[in-house]
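Please read the structure below before turning to the comments.
Values in this text are rule-based calculations from the coordinates and carry no lab data. The model shown is predicted, which means the values in this text are computed figures rather than measured ones. Backbone-built Cβ (ideal geometry, glycine too); neighbour counts: all protein chains shown.
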Amino acid sequence: MLKYSEETMKRFSHPKYVGEMKDADAVGEEGNFKCGDVMRIYLKIKDNKITDIKFLTYGCVAAIASTDALCETVKGKTLEEAEKLTWKDVVKGLGEMPTIKVHCSVMGIEALKDAIKKYRNGIKPVFDDEEPCCEEMRKIGKVNE
Amino acid sequence: MRFKLIYMDNGATTKIDENVLKTMMPFFTDKYANPSSSHSFGQDAKDAIDKARGRIAESINANDDEIFFTSGGTESNNWVLKGVAFAAKKEDKNKNHIITTKIEHKSILNSCKWLEDNAGFTTTYLDVDKDGFVNPEDVRKAITSKTILVSIIHGNNEVGTIQDIEAIGKICKESKVLFHTDVCQSYSKSELDVKKQNIDLMTLNAHKIHGPKGIGALYVKRDTRIMDWQQGGSHEKGMRSGTENVHGIVGFGEAVKIAKNDFKKNNKYISELRDKLIKGIMENVENVKLNGPDIKENGNKRLSNNVNFSFSAIEGESLGGYLDQKWVCSSTGSACNARTLEPSYVLKAMGLTDEEANGSLRLTLSKFNTEEEIDYVIKILPKIVEKLRYISPIGKVVNYFKKDKKE
C-alpha cells in the first residue's frame, strides 16, 4: 500500500457519508472496472440546495477518503457552488496525496457533476433490488427514454 | 494501543533469522577485511565466502564453482537473459529467440523487452492455464532453430503455482536449448536438484528465505555460454566483478543452512497454517475464490506459504488498507496498488476478469507466523469484506428514467 497521510487514513477508517440512499433525487457515476475504481454519489436536493449526500465506491483508500471529504464539503451548498468545486478544494484537508492517486480523488467530483447534470436534465434514478449482480453495474449510465 | 504486527507478506520479503544475523555481525566489526587481500585477515573473509558458496551449491546439487554471487534476484535474472543472449548472438547472429511465460517476475519480462527493443531479439510469452500452470508441451512447440533460452519461474510469486521444471528441463535438454529457472520464491519450499531437473541456470536469493537483502546468486552450469556481467577486478572468476558483499554472503549461507536443516519441519508447519487459513476464509466469506492451485488436489504444487483470494465486489487496496489498520501486512493484485494502474498481469494471464484481479488479496506466510495469527485473520477478514461490500456500489442497482416533460 502507498503511504497516505494520517488524515486520509482517518477518513478511510471511518467514512461518515458512505451508504446507499434509496430516496435520492439524483445519482451520478464515474469510473471503470479496469483501473479498479467505480464511484457513485447520491444527492438529496431541496430548493436548489444539496441537503444530503452519500456515496458508494468500488475503490481504493484514496477514493474512499477523498470522496468522504468531498461529501462533507458539499453538504448544504447550492448546485452552482457544488459545481465549482475543484480537486484542490477537496483534498486540501487531507494532507499530501500520492501523485498516482490524484485520479482516484477526482472521481468523487466527477460523479457529483454527473449527478447534478442528470438532475438538471430531468433524469431520475429508479432503485431496483431485483437483480443484484455485477452485470447491472456495467449497464449503468444507460438512460431509458 | 499498537497491536503486535502480523506479517503475512513473506512473498515480498522475510524477517531475517536471528541466527543468520548473528553469523553476519562479526563481518561488519571484526572480520571486515577484503577477501581479495592476500594477508591472512583477508583470507579469513575469503574462507567464509567459500564456505557459504559450498552450502548454496550443495542445496541445489551443484558444484561450488557453478555459484556466482550477485546483488539479488533481479540482477541474476538480468544477467541470465542478457548474458546468454549476447553470447549466443556473438556465435551466430541468427540465434535470437527466447521463450518465457506471461507470469514471470518483472525482471525477466522487462529484460526480454529490453532485448527486443535494443538488440533485435524476439520473445515468445507462453500462456498458462487457470491455475497458473505452463504446459511443458507448449515449451516444446515454441522451440525453433533460433531459440537460445527458455526461462520459466519455478514458484510463482503471486499465486504460488509450482511448475513442473523437471519435465520442462528434459524438453530443453532434448532440444539443446538452455534452461533457466527463477527459484527466488520456491527456494527452501520445494526440492531443487539442478542435475535431476536438467537446469542450466538458476536465480537464487537470500531475503525470501530469512536471509539479508542485497545478496543473491546465479547458478551457471559448467561450460554454459554466458557473457561476463560486470567488468572490473575479476571477482567471481571474472564473471561479476566488484568487492564481495561478505556479510551478505555469510548471511545467505547461514540462511540456506537453516532452511535445509528445517526443510521438512518448516514446510509441514507452514502448509498446515496455509490450509487452515484457506479453509477458514472459504467457510466464512461468501463469493470468494482461491487463485492458484487447489489445496486438496494440488497442495504440493502450490508454494507452502502462499494464499491468494479474489473477493467479489471489493477493491484490493482498500481491503489491504483495513487489514493494515489491524496490523496485518498483506498485498494485492489490484490496479489501484500498482504503479501502472493496471491489474495484476499474472492474474489476468490466468483468465481472471479485471474485477477479480482488482479484488485479490495475497497472504504469504513464514515459519514465524503462528496459529493464533491465522485465527485472528480468519476472525477479522470476513468483517472487513462485509464492510467493503457495504461501501461497494456493485449489486446495488440504479436505473435512470427521463421524466416526462408534462409531469
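Descriptive notes on the structure:
- Condition check for A:His103: closer than 25 Å to B:Glu356 by Cα and more than 11 Å from the chain's Cα centre (by Cα): yes
- Residue count for the stretch A:38-60, restricted to those that are charged (D, E, K, R), closer than 14 Å to A:Asp23 by Cβ and away from every other protein chain (no Cβ under 14 Å): 3
- Counting only residues that are on the phi < 0 side of the Ramachandran plot and more than 9 Å from the chain's Cα centre (by Cα), the stretch A:67-81 holds 10 of them.
- Residues of the stretch B:328-377 satisfying the condition of being within 12 Å of another protein chain (Cβ to nearest Cβ) and without any contact (Cβ under 8 Å) to a residue 24 or more places away in the chain: B:Ala335, B:Cys336, B:Asn337, B:Ala338, B:Arg339, B:Thr340, B:Leu341, B:Glu342, B:Pro343, B:Lys348, B:Thr353, B:Asp354
- The residue pairs whose first member lies in the stretch B:387-400 and is within 7 Å of chain A (Cβ to nearest Cβ), whose second member is among the polar types (S, T, N, Q), and whose beta carbons are closer than 8 Å, counting only pairs six or more residues apart or on different chains, are B:Ile391/A:Thr57; B:Ile391/B:Ser318; B:Ser392/A:Thr57; B:Pro393/A:Thr57; B:Ile394/B:Ser312; B:Asn399/A:Asn144; B:Tyr400/A:Asn144.
- Matching residues in the stretch A:61-88 - criterion: being of a type outside the set (Gly, Ala, Ser), more than 14 Å from chain B (Cβ to nearest Cβ) and in a helix (DSSP H, G or I): A:Leu70, A:Glu72, A:Thr73, A:Val74, A:Leu79, A:Glu80, A:Glu81, A:Glu83, A:Lys84, A:Trp87, A:Lys88
Residue-wise test of (1) in contact with a strand residue (DSSP E or B) (Cβ under 9 Å, 6 or more places away or on another chain); (2) within 20 Å of A:Met97 (Cα to Cα); (3) crowded, with 16+ Cβ neighbours inside 10 Å.
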site	(1), (2), (3)
A:Lys10	no, yes, no
A:Gly28	yes, no, yes
A:Met39	yes, yes, yes
A:Leu43	yes, no, yes
A:Asn48	yes, no, no
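- Qualifying residue in the stretch B:299-309 (condition: more than 14 Å from every other protein chain (Cβ to nearest Cβ), within 28 Å of B:Leu347 (Cα to Cα), among the small types (Gly, Ala, Ser) and assigned to a loop (DSSP other than H, G, I, E, B)): yes
- Condition check for B:Lys296: more than 14 Å from chain A (Cβ to nearest Cβ) and among the charged types (D, E, K, R): yes
- Where strands (runs of 3 or more DSSP E) sit wholly within the stretch B:149-231, those with at least 1 residues that are among the charged types (D, E, K, R) occupy B:178-182.
- Any chance A:Lys10 is in a helix (DSSP H, G or I), out of contact with any Phe, Trp or Tyr (no Cβ under 9 Å at 6 or more places or on another chain) and not polar (S, T, N, Q): yes
- Members of the stretch B:67-118 that are among the β-branched types (Val, Ile, Thr), over 14 Å from B:Leu204 (Cβ atoms) and part of a helix (DSSP H, G or I): B:Val84, B:Ile108
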